[in-house]
1. How far is it, in nm, from the label point at residue 84 to the one at residue 22 when both lie 7 Å from their Cα along the line to the Cβ?
2. For the range 26-103, rounded, prolate or oblate, judged on the Cα gyration tensor with a ≥ b ≥ c (square roots of eigenvalues), a/c < 1.5 rounded, else prolate if a/b > b/c?
3. Figure the gain on full extension for residue 75 and residue 31 (residue separation times 0.36 nm, minus the Cα-Cα span) and round it to one decimal in nm.
C-alpha cells in the first residue's frame, strides 16, 4: 500500500456514517481527474458535514474521496501547504444535499 493510500485509509477510519435524514452527501473514490463517479449516498445529522479530500503530489491530482463526516472530527477547509510534496486538501459543506459532489 503506498503512502497516499495509507493516509486516505486512515482518514476514512475517522469519517464514519451517522444515521439520520438531515443531509445527503456523495460517497465515492475518484481516481481519474475529470471523470465523475457514480456516487453512493451517505447521510449526516446535526454536527455532520459532507467532505471532499483530494490527494495532490507536487501539485498534481492523485485521487479524491467524497464522504460524510462529523464536523468536529474533520479539519475542514484545509488547503495544501505547498505544491512540492504529497498533501491532502480537505473541503467540507453542509448547505445542500450532495454539495460535495463538485469538489
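1. 4.2
2. oblate
3. Net length gain for the segment: 13.6 nm.
Each reported figure results from applying straightforward, stated rules to the coordinates on display, with no laboratory input. Keep in mind that what you see is a predicted model, and the values were worked out from it rather than measured. We place every Cβ from the backbone using ideal geometry, glycine too, and count neighbours over all the protein chains shown.
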